[in-house]
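The values are calculated or read from the model by the stated rules, or taken from the named source; none is laboratory data. Because the structure is predicted, anything quoted here is derived from the model rather than measured. So basically every Cβ, Gly included, is an ideal-geometry build from the backbone, and we count neighbours across all protein chains shown. Surface accessibility is based on the protein's heavy atoms, side chains included, excluding ligands, DNA and RNA. Shrake-Rupley method; radii C 1.70, N 1.55, O 1.52, S 1.80 Å.
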Amino acid sequence: MPLIMALCVVMGIFIGTFYANHFSGNRLSIINSSSNKLNNLLHIIDDQYVDTVNVNDLVEKAMPQILSELDPHSVYIPAKDVQMANDDLRGSFSGVGIEFNIRHDTLHVQQVIGNGPAERAGVIAGDKIVKVDDKPFTGKTLTNEEAMHRLKGPKDTKVKLGIMRFGEKKIRDIVVTRGEIPTKSVTAVYMLDDNSGYIRIKNFGENTYPELLIALARLSQERFKNLTIDLRGNTGGYLQSAVQIANEFLPKNKLIVYTQGRKSPRQEYRSDGRGSYQQIPLVVLIDEGSASASEILAGAIQDNDRGTIIGRRSFGKGLVQQPIAFNDQSMIRLTIARYYSPSGRCIQKPYTAGDNKDYEEDLLTRYQHGEFFSQDSIKHEGPEFHTNNGRPVYSGGGITPDIFIAEDTTDVTSYYKQASMSGLIIQYCFTYTDENRQKLSQYQTADQMAAYLKSQNIVDRFATFADKNGLKRRNLMIQRSHKLLERYLYSRIIYNMLSEQAWMEYLNSDDPAILETIKVFREGKAFPQAPEKKEEKPQSKAA
């Protein structure tokens, strides 16, 4: 009996090996041999290389390179950057509660979050933080990453800030007890006119949906009859948040989006019919900066003919990433599936695996091709699909709007481009705000502040400042771009002094997409109609 059992075990091993080799393929052995090869290489380098090598650093540098060979959105995030990568979408983080900007190697407090730890401790906008816990906090080594590392920390821990305040010669010490700081996704809510509400969604985080419900409740108090959701510049976030928001506007059992991948079976997300705003006229604003979850929401509204999409073609990110953590607290975001809109079109624009240069320069290519200025310049690289009403939509590169809004470059000059891209406008606005904070604090609305700034000859003052900082004064170009310069300068000062909402209200006041939106509502054209069928002319026959 023992002999028979031993023979059975041996036969089982041979049979198992045979089936493993012939029926499961050699993929697993290839992966094992390749990973062993990588491990062996690292051991050989560590053991025999001519100089001392930090193998951990080598691995950290290799990880992004390996993932970059897959697609543009599979990425490696080092342990030190994981918290920062997640904070914007989590809905809150623990810190002191300030917005800041680093200028001339010094941290300037731009805004203080209302009722946050810093405000309660006495920090005000315009303060300069020159010490943290009695250690110098200025110089060339001061970066945004270093500042956030020093100012963020566990809830209820204390940090001592050394502050230089405008008009004071001595450093004042303020101890701030860190607390939970909310990160808002919905950054502007107001009425465009007597009937039309406006909501701007900055990204899709954990709290975006409840924030939207609060915004809708506020607009309901003002009896809004139409709604605009602004997704311009919204780079995306959590899929679930976009699905929840789409559900609020769609009738029951409408497909919102589905995902599918090689190892990820098709998963559908449908509306449950419980949304409170299924009949309200709706416009969604998008542009080339709208990506991922923004495109899911816009695609769901468009494909179900639930509202009108206005703006320019969206970015085209339709790859689903799954976060996977490692023991050292680092993580990867690995692409596991693709997004598909209700009509079946893939949102993702084309890319070549391992070659991200063309992908990264896609928006520049679109600009040079004229797509930002003419709808006829849009190239649809994928097949045609159709909405519920039969309207044509296209795959392979984002969401194409129903109504195109060209970027206005009529008054753009090389001087304006240099002033914008060099950061000089933002630098000047911070300086001007700091020096005039007491006077500017008298104005509580964007309109009031803009009216005051108009009397201050801001454009000419900026031109003098820019000339001293390397941008030669060009009077003819300044005159041609005067309105654009004025708009940019005013908006940044308003942002510095008031809020992001005031900033958006000012920019929207003459925005072509907003003006087109109001026109659509007034003409009752927010709900897309089925295309008219072309009547076929009867063919004459020869007798």
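Some observations on this one:
- In order through the range 283-291: 3J(HN,Hα) via Karplus (6.51 cos²θ - 1.76 cosθ + 1.60), integer Hz, x for Gly, Pro: 10, 10, 9, 9, 8, 5, x, 7, 9
- Size of charge dipole - the range 428-523 - debye, nearest 20, with Cβ of Lys, Arg +1 and Asp, Glu -1, no other charges: 500 debye
- Rounded Å value of the spacing that divides the Cα centres of the range 315-367 and the range 249-306: 19 Å
- Cleavage-rule hits (chymotrypsin sites (Phe, Trp or Tyr not before Pro)) in the range 300-367: DSSP loop, at most 15 neighbouring Cβ within 10 angstrom: Phe326
- Site-free segments of the chain were taken between GluC sites (Glu not before Pro) in DSSP loops having at most 15 other Cβ atoms within 10 Å, sites themselves excluded; the longest one is 223-360.
- The amide H of Lys525, built 1.01 Å from its N in the peptide plane, has no neighbour under 5 Å, considering only residues 5 or more places off or on other chains.
- Legend: residues Cys429, Cys346, sorted from most to least accessible area (1.4 Å probe; ligands, DNA and RNA excluded), read Cys346, Cys429.
- When the trypsin sites (Lys or Arg not before Pro) in the range 195-282 are filtered for DSSP coil states and for at most 16 other beta-carbon atoms within 10 Å of their beta-carbon, the remaining sites are Arg223, Lys225, Lys252, Arg262, Lys263, Arg266, Arg274.
- Helix runs (DSSP H) in the chain reaching 24 Å along axis by Cα, Kyte-Doolittle at least 0.5: 2-22
- Signed unit charges on C-beta, dipole axis of the chain, positive-most listed residue Gly179, Gly197, Ala298: Gly197
- Antiparallel bridges, percent of DSSP beta bridges restricted to the chain (to nearest 5): 75 percent
- If the chain linking Leu70 and Asp57 were pulled fully straight, counting 0.36 nm for each residue of separation and taking away their Cα-Cα distance, it would gain 2.5 nm.
- The stretch between Asp467 and Glu268, if pulled fully straight at 0.36 nm per residue, gains 65.9 nm over its current Cα-Cα span.
- Restraint check, Lys131/Lys202; Lys61/Lys131; Lys252/Lys379; Lys61/Lys128; Lys140/Lys170; Lys317/Lys483, Cα-Cα greater than 26 Å: Lys131/Lys202; Lys61/Lys131; Lys252/Lys379; Lys61/Lys128; Lys317/Lys483
- The H on the amide N of Tyr394, modeled in the peptide plane, is under 5 Å from the matching H of Phe385, Thr400, each at least 5 residues off or on a different chain.
- Cα-centred dipole magnitude for the range 109-215, charges only on beta-carbon of K, R (+1) and D, E (-1), debye, nearest 20: 660 debye
- Summing charges over neighbours of Asn253, with a neighbour being any other residue whose Cβ is under 12 Å away from its Cβ, gives +2 when K and R count +1 and D and E count -1.
- Here is how the number arises for the chain: DSSP H runs of 4 or more residues each give -39500 (n - 2.57), the sum is divided by the residue count, and the result at 222 nm is -12000 deg cm²/dmol.
- When the Cα positions of Pro281, Gly237, Pro251 are compared along the charge dipole of the range 202-310, Pro251 comes out farthest toward the positive end, with charges on each C-beta of Lys, Arg, Asp and Glu.
- With every protein chain in place, the range 30-174: carbon and sulfur % of accessible area (1.4 Å): 53 percent
- Distant-in-sequence amide H partners of Leu319 (H built 1.01 Å from N, under 5 Å): Tyr339
- In the chain, taking the dipole from charged Cβ atoms about the Cα centre, the farthest positive-side position among Gln322, Asn436, Tyr76 is held by Asn436.
- HN-Hα J in Hz across the range 163-175 - Karplus 6.51, -1.76, 1.60, θ = phi - 60°, x for Gly and Pro: 10, 9, 10, 4, x, 10, 9, 9, 6, 9, 9, 10, 8
- Debye, to nearest 20: dipole size of the chain, +1 on Lys, Arg Cβ, -1 on Asp, Glu Cβ: 600 debye
- Accessible solvent surface per residue of the chain, calculated while the other protein chains remain in place, 1.4 angstrom probe, Å²: 56 Å²
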